[in-house]
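Undergrad: Before I ask anything, let me first share the structure, which is written out below as structure tokens.
The values are calculated or read from the model by the stated rules, or taken from the named source; none is laboratory data. In this text the structure is predicted, and so the values were computed from the model without any measurement. For neighbour counting, all protein chains shown are included, and Cβ atoms are generated from backbone atoms with ideal geometry for every residue, glycine included.
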């Protein structure tokens, strides 16, 4: 997993990588913190949980499939993005 400028691997990936090329993207897809908060609130609403990190993290991994239908191909100016 890449975090910031440093590269971190968890214990299960030990020995899998000999080299890595760290790259940063263009940043054209970055969103504001306000938009990120709106997206988080929207996701929590669709998952039927409170908009808190712990509540969203506690949702079983198969559950986001039901929220994916809400996101797939969606253009929503409320969140400050319109990628499709």
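Undergrad: Do we find that residue 78 is in contact with a helix residue (DSSP H, G or I) (Cβ under 7 Å, 6 or more places away or on another chain) and modelled with pLDDT under 70 in this structure?
TA: So residue 78 fits the description; yes.
Undergrad: While we're here: Looking at region 24-48, which of its residues are in a loop (DSSP other than H, G, I, E, B) and modelled with pLDDT of 75 or more?
TA: Result: 30, 31, 32, 48.
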